[in-house]
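Novice: Handing you this structure, nothing more for now.
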Amino acid sequence: MGVEVRVEGLSMSFGGRPVWSDISLTLPAGEISALLGPSGTGKSVFLKTLVGLLRPDRGAIWIGDRDLCRLRERDLYEVRRLFGVLFQDGALFGSMNVYDNVAFPLREHTKLKESAIKAMVQEKLELVGLTGAEEKLPGQISGGMRKRAGLARALVLDPQIMLFDEPDSGLDPVRTAYLNQLIIDLNQRTGATFLIVTHDINTARTVPDNIGLIYHGHLAMFGPREMLLSSAEPAVRQFLTAQRIGPIGMAEEKDADEWESEYVANVPLPPIPGQLQPSDGLARAAERPPGRWCADNGVEPPPGSFSELAVRP
Ligand SMILES: Nc1ncnc2c1ncn2[C@@H]1O[C@H](COP(=O)(O)OP(=O)(O)OP(=O)(O)O)[C@@H](O)[C@H]1O
Ligand SMILES: [Mg+2]
């Protein structure tokens with residue numbers, strides 16, 4: 001079963017330049033959360049901070065009663081075993097073939113015999129559709145295959161917390177659909193806690209249970225999907241509807257006068273779609289009735305929401 005990750009007042013800077021400040025959020029155990037934000041706002045830095053690869057300036061990351069930011073290196077090594085991370089670039093070792101890359105965490109963190117390692121590596125490679133590519137070097141396979149090899153490696157220790165940094169970037173739409181389905185199925189089967197960084201609006205609208213947006217050095221909003229998908233907050237609305245009109249500009253934030261002059265209030269939000277469902281026909285790990293959050297919070301969802309109740313695979 002997954003574990004809850006509670007982030008409190010986290011701040012990070014490089015050389016005195018803040019990346020983001022005062023981020024607080026809770027990744028609920030066993031649920032899928034997505035993190036969005038313009039390029040360069042520090043989403044990858046956030047994931048690296050969560051696994052303890054980067055030390056924040058301030059704040060705490062609670063897993064149970066342990067604060068990752070206060071752990072000694074040896075204890076941190078232990079806690080890292082809870083995590084599986086798919087880095088943005090796959091982060092495979094270029095001189096190791098696919099098999100050895102996937103086997104690496106098992107050889108590093110366990111004392112399993114090679115025969116046991118082989119069975120586990122082959123199981124994960126089959127899961128991501130890479131059976132037969134064991135002997136290939138990362139430079140000899142496509143970008144999409146490297147992503148899937150990175151995913152197999154991230155999964156090999158059966159982590160309780162899975163972090164995915166843009167699993168869908170550089171994939172064609174069909175492979176993105178397969179990958180999203182794989183994410184839903186993995187979450188349902190393992191019950192692990194998932195955090196996905198994505199730029200894909202379709203992924204953001206149909207895959208997660210919770211959505212967050214980092215913008216302007218802060219966490220603009222984090223909460224249940226229905227909260228963000230019905231939100232009138234300009235940056236959230238602009239991002240989740242992929243529009244040019246709003247406070248987010250090409251290079252940085254637009255100044256307020258600029259976007260207010262182009263902003264048309266009351267442009268209807270698109271309907272909230274159903275969530276992608278597991279392929280075995282069972283419920284998602286954190287299934288909630290569509291519209292429940294809106295009803296409980298007195299929020300009128302955009303017209304036409306939930307008319308298609310579930311996105312079937
Ligand atoms: N190790 C580092 N040392 C110094 N600066 C860094 C380091 N890692 C990241 N940065 C800076 O932190 C900022 C955030 O980078 P990050 O890679 O987290 O952005 P991102 O939101 O993941 O962007 P993208 O959507 O393009 O992947 C950038 O300005 C980057 O240059
Ligand atoms: Mg990134």
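The values are calculated or read from the model by the stated rules, or taken from the named source; none is laboratory data. All figures in this text were calculated on a predicted structure; none of them were measured in a lab. Here the Cβ is made from the backbone with ideal geometry for all residues, glycine too, and neighbour counts use every protein chain on show.
Novice: Can we say Leu157 is within 29 Å of Ala60 (Cα to Cα) and touching an Asp or Glu at 6+ places or on another chain (Cβ under 9 Å)? Steps first, answer last, please.
Specialist: Numbers: within 29 Å of Ala60 (Cα to Cα): yes; touching an Asp or Glu at 6+ places or on another chain (Cβ under 9 Å): no.
When the stated conditions are applied, Leu157 does not pass them.
Novice: Looking at this structure, is Lys124 among the charged types (D, E, K, R) and part of a helix (DSSP H, G or I)?
Specialist: So Lys124 fits the description; yes.
Novice: In region 61-88, which residue that is among the hydrophobic types (A, V, I, L, M, F, W, C) and within 16 Å of ligand 2 (Cβ to nearest atom) is surrounded by the most Cβ atoms within 10 Å (Cβ to Cβ)?
Specialist: So, considering only residues that are among the hydrophobic types (A, V, I, L, M, F, W, C) and within 16 Å of ligand 2 (Cβ to nearest atom), the one surrounded by the most Cβ atoms within 10 Å (Cβ to Cβ) is Leu86.
Novice: Right, Leu92: crowded, with 19+ Cβ neighbours inside 10 Å, farther than 27 Å from Ile214 by Cα and either modelled with pLDDT of 95 or more or away from ligand 2 (no atom under 16 Å from the Cβ) (or both) or not?
Specialist: yes
Novice: Please work out which residue is nearest to the chain's Cα centre (by Cα), limiting yourself to region 48-60 and to residues that are surrounded by fewer than 17 Cβ atoms within 10 Å (Cβ to Cβ) and away from ligand 1 (no atom under 12 Å from the Cβ).
Specialist: If we take residues in region 48-60 being surrounded by fewer than 17 Cβ atoms within 10 Å (Cβ to Cβ) and away from ligand 1 (no atom under 12 Å from the Cβ), then Ala60 is nearest to the chain's Cα centre (by Cα).
Novice: From the set of residues in region 16-60 that are β-branched (Val, Ile, Thr) and within 16 Å of ligand 2 (Cβ to nearest atom), which is nearest to Leu228 (Cα to Cα)?
Specialist: Within region 16-60, the first condition is being β-branched (Val, Ile, Thr), and the residues that meet it are 19, 23, 26, 32, 41, 45, 49, 51.
Narrowing the set further to residues that are within 16 Å of ligand 2 (Cβ to nearest atom) leaves 19, 23, 41, 45, 49, 51.
Working: Val19: 23, Ile23: 17, Thr41: 19, Val45: 23, Thr49: 24, Val51: 26 Å.
This residue is Ile23.
Novice: Please find, among Val102, Val5, Val45, the residue that is within 16 Å of ligand 1 (Cβ to nearest atom) and on the phi < 0 side of the Ramachandran plot.
Specialist: Numbers: Val102 fails: within 16 Å of ligand 1 (Cβ to nearest atom); Val5 fails: within 16 Å of ligand 1 (Cβ to nearest atom).
Going through Val102, Val5, Val45 in turn, the sole match is Val45.
Novice: While we're on this one: Being touching a residue at least 60 places away in the same chain (Cβ under 8 Å) and farther than 20 Å from Thr190 by Cα, is that true of even one residue in region 90-101?
Specialist: Going residue by residue through region 90-101, those that are touching a residue at least 60 places away in the same chain (Cβ under 8 Å) are 90, 92.
If we keep only those that are farther than 20 Å from Thr190 by Cα as well, we get 90, 92.
Within region 90-101 (the criterion being touching a residue at least 60 places away in the same chain (Cβ under 8 Å) and farther than 20 Å from Thr190 by Cα), the answer is yes, since at least one residue qualifies.
Novice: Turning to a different aspect of this structure: Taking the residues in region 205-220 that are among the hydrophobic types (A, V, I, L, M, F, W, C) and buried (at least 23 other Cβ atoms within 10 Å of the Cβ) as candidates, determine which candidate is nearest to ligand 2 (Cβ to nearest atom).
Specialist: Let us first name the residues in region 205-220 that are among the hydrophobic types (A, V, I, L, M, F, W, C), namely 207, 211, 213-214, 219-220.
Checking the rest, the ones that are also buried (at least 23 other Cβ atoms within 10 Å of the Cβ) come to 207, 211, 213-214.
Working: Val207: 18, Ile211: 17, Leu213: 14, Ile214: 11 Å.
My answer is Ile214.
Let's see how each residue does on (1) in contact with a strand residue (DSSP E or B) (Cβ under 6 Å, 6 or more places away or on another chain); (2) of a type in the set (Phe, Trp, Tyr); (3) surrounded by 19 or more Cβ atoms within 10 Å (Cβ to Cβ):
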residue: Tyr99; (1), (2), (3): no, yes, yes
residue: Ala103; (1), (2), (3): no, no, yes
residue: Ser115; (1), (2), (3): no, no, no
residue: Lys118; (1), (2), (3): no, no, no
residue: Leu125; (1), (2), (3): no, no, yes
residue: Leu151; (1), (2), (3): yes, no, yes
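Novice: Regarding Glu114, is this residue over 23 Å from Val51 (Cα atoms) and of a type in the set (D, E, K, R)?
Specialist: Values: over 23 Å from Val51 (Cα atoms): yes; of a type in the set (D, E, K, R): yes.
When the stated conditions are applied, Glu114 passes them.
Novice: Going through region 29-40 one residue at a time, which ones are under 14 Å from His218 (Cβ atoms) and surrounded by fewer than 22 Cβ atoms within 10 Å (Cβ to Cβ)? Spell out the reasoning first.
Specialist: Going through region 29-40, the residues under 14 Å from His218 (Cβ atoms) turn out to be 35-38.
If the condition is that a residue be under 14 Å from His218 (Cβ atoms) and surrounded by fewer than 22 Cβ atoms within 10 Å (Cβ to Cβ), then Pro38 is the only one that fits.
Novice: Could you identify the single residue in Leu82, Leu50, Leu86, Leu36 that is closer than 19 Å to Ile161 by Cα, touching a residue at least 60 places away in the same chain (Cβ under 8 Å) and in contact with a His (Cβ under 8 Å, 6 or more places away or on another chain)? Reasoning before the result, please.
Specialist: Numbers: Leu82 fails: in contact with a His (Cβ under 8 Å, 6 or more places away or on another chain); Leu50 fails: in contact with a His (Cβ under 8 Å, 6 or more places away or on another chain); Leu86 fails: in contact with a His (Cβ under 8 Å, 6 or more places away or on another chain).
When all the criteria are applied, what remains is Leu36.
Novice: Given Ser13, Ser39, Ser24, which one is among the hydroxyl-bearing types (Ser, Thr, Tyr) and more than 13 Å from ligand 1 (Cβ to nearest atom)?
Specialist: Details: Ser13 fails: more than 13 Å from ligand 1 (Cβ to nearest atom); Ser39 fails: more than 13 Å from ligand 1 (Cβ to nearest atom).
Matching residue, one of Ser13, Ser39, Ser24: Ser24.
Novice: Let me confirm something: among Lys147, Lys113, which residue is touching a residue at least 60 places away in the same chain (Cβ under 8 Å) and basic (Lys, Arg)? First the steps, then the outcome.
Specialist: On the way: Lys113 fails: touching a residue at least 60 places away in the same chain (Cβ under 8 Å).
Answer to the check: Lys147.
Novice: Gly132 - would you say it is of a type in the set (Gly, Ala, Ser) and not in a helix (DSSP H, G or I)?
Specialist: Working: of a type in the set (Gly, Ala, Ser): yes; not in a helix (DSSP H, G or I): yes.
Against the criterion (of a type in the set (Gly, Ala, Ser) and not in a helix (DSSP H, G or I)), Gly132 qualifies.
Novice: Do we find a residue being touching a His at 6+ places or on another chain (Cβ under 7 Å) and within 21 Å of Ile32 (Cβ to Cβ) anywhere in region 146-167?
Specialist: yes
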